[in-house]
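The values are calculated or read from the model by the stated rules, or taken from the named source; none is laboratory data. Keep in mind the model is a prediction, meaning the values are calculated, not measured. So basically every Cβ, Gly included, is an ideal-geometry build from the backbone, and we count neighbours across all protein chains shown. Heads up: the accessible areas ignore ligands, DNA and RNA and are worked out on the full protein's heavy atoms, side chains in. Shrake-Rupley method; radii C 1.70, N 1.55, O 1.52, S 1.80 Å.
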Amino acid sequence: MSQPIKILSPIRLKDFNPDFHEGLDKDETREKSLKLCQRIGELQELLHANANRALLVVLQGMDTSGKDGAGRHVLQDVNPAGVETANFKAPSAEDLAHDFLWRVHKAVPRYGNIGVFNRSHYEDVLIVRVMKLQPAAIWRTRYDSINGFERHLVANGTVLLKFFLHIGRQEQAERLKARIDDPRKNWKFQPEDLKMRAHWPKFMKAYEDAINFCSTHYAPWHIIPANRKWYRDYLIAKTIVKALEDLKLQWPKPHENLAKFRIV
């Protein structure tokens, strides 16, 4: 059976299998991913040369779903100077003195660059909701604010790709256990992860609502089965390549006639 990746109509998250992988071969798919990553590097050069569009990749998911790993793998062939990253954790006192989108808008990539949000403005309808950091009367209004914000970004030349890395609860348990058992991964373990895990059903409902309220024609969500890292990375790379190729960018023409210049 197949399942959609780009979400264009209301969904029930329970209908999506985090272990889904189309029956693809792991090694063959990894080879395809490497070529896709190289293509992303080429397309980012073209994006930079034109400097009139930007790409923003939003990565959301439960702890251990692979937000860091996916970003690292997919952009491995991109010039680091062309990548801007932001990680939205607990807001600072300065952040809280402004509207909830203030700190997010500041981190949007400049034209010519690829931006990566490891967690994003969606935290304000996810953890804020689940952990009751704000009353429902406040966070419920933020869906409309988010849609308006994203509409503004797209209208001003930013391509927005939103990925929910959908990991299964059992797979998360195994990855958390590995962080405790493997000395090389001990540094990754945070007791807070277990606190979040205890609210798994509430987080799934919050993600489902965020996807349904905020998957628009101009900025649709993509649900990425994340139990298999190689398939996760392949889907994200494939989606990024298509989005950049759809821009149909051409190498810009020089400002002057280059024939008059001589290198001596």
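Worth a mention:
- So Val74, is it open to solvent by 20 Å² or more (accessible area, probe 1.4 Å), touching a helix residue (DSSP H, G or I) at 6+ places or on another chain (Cβ under 7 Å) and either at pLDDT 95 or above or at negative phi (or both): no
- Here no helices (runs of 4 or more DSSP H) wholly within segment 97-139 include at least 2 residues being among the hydroxyl-bearing types (Ser, Thr, Tyr) and surrounded by fewer than 13 Cβ atoms within 10 Å (Cβ to Cβ).
- Scanning segment 84-96 for residues that are of a type in the set (A, V, I, L, M, F, W, C) and either touching a helix residue (DSSP H, G or I) at 6+ places or on another chain (Cβ under 7 Å) or surrounded by 13 or more Cβ atoms within 10 Å (Cβ to Cβ) (or both) returns Ala86, Phe88.
- Those residues of segment 20-52 which are touching a Leu at 6+ places or on another chain (Cβ under 6 Å) and open to solvent by 20 Å² or more (accessible area, probe 1.4 Å), in sequence order: Leu46, Asn50
- Count of segment 142-185 residues, restricted to those that are part of a helix (DSSP H, G or I) and either out of contact with any Asp or Glu (no Cβ under 9 Å at 6 or more places or on another chain) or loosely packed, with under 14 Cβ neighbours inside 10 Å (or both), is 18.
- Test for Ala81: is it over 23 Å from Thr239 (Cα atoms), open to solvent by 30 Å² or more (accessible area, probe 1.4 Å) and either in a strand (DSSP E or B) or of a type outside the set (Asp, Glu) (or both): no
- Trp251 modelled with pLDDT of 95 or more, open to solvent by 90 Å² or more (accessible area, probe 1.4 Å) and more than 15 Å from the chain's Cα centre (by Cα): yes
- Failed condition for Asp63, given (1) of a type in the set (D, E, K, R); (2) under 30 Å from Lys177 (Cα atoms); (3) open to solvent by 90 Å² or more (accessible area, probe 1.4 Å): (3)
- Which listed residue, of Lys188, Lys229, is surrounded by 10 or more Cβ atoms within 10 Å (Cβ to Cβ), within 17 Å of the chain's Cα centre (by Cα) and not hydroxyl-bearing (Ser, Thr, Tyr): Lys229
- Residue among Ala206, Ala219, Ala259 that alone is among the small types (Gly, Ala, Ser) and not in a helix (DSSP H, G or I): Ala219
- Within segment 65-72, at least one residue is in a loop (DSSP other than H, G, I, E, B), touching a Leu at 6+ places or on another chain (Cβ under 6 Å) and under 25 Å from His199 (Cβ atoms).
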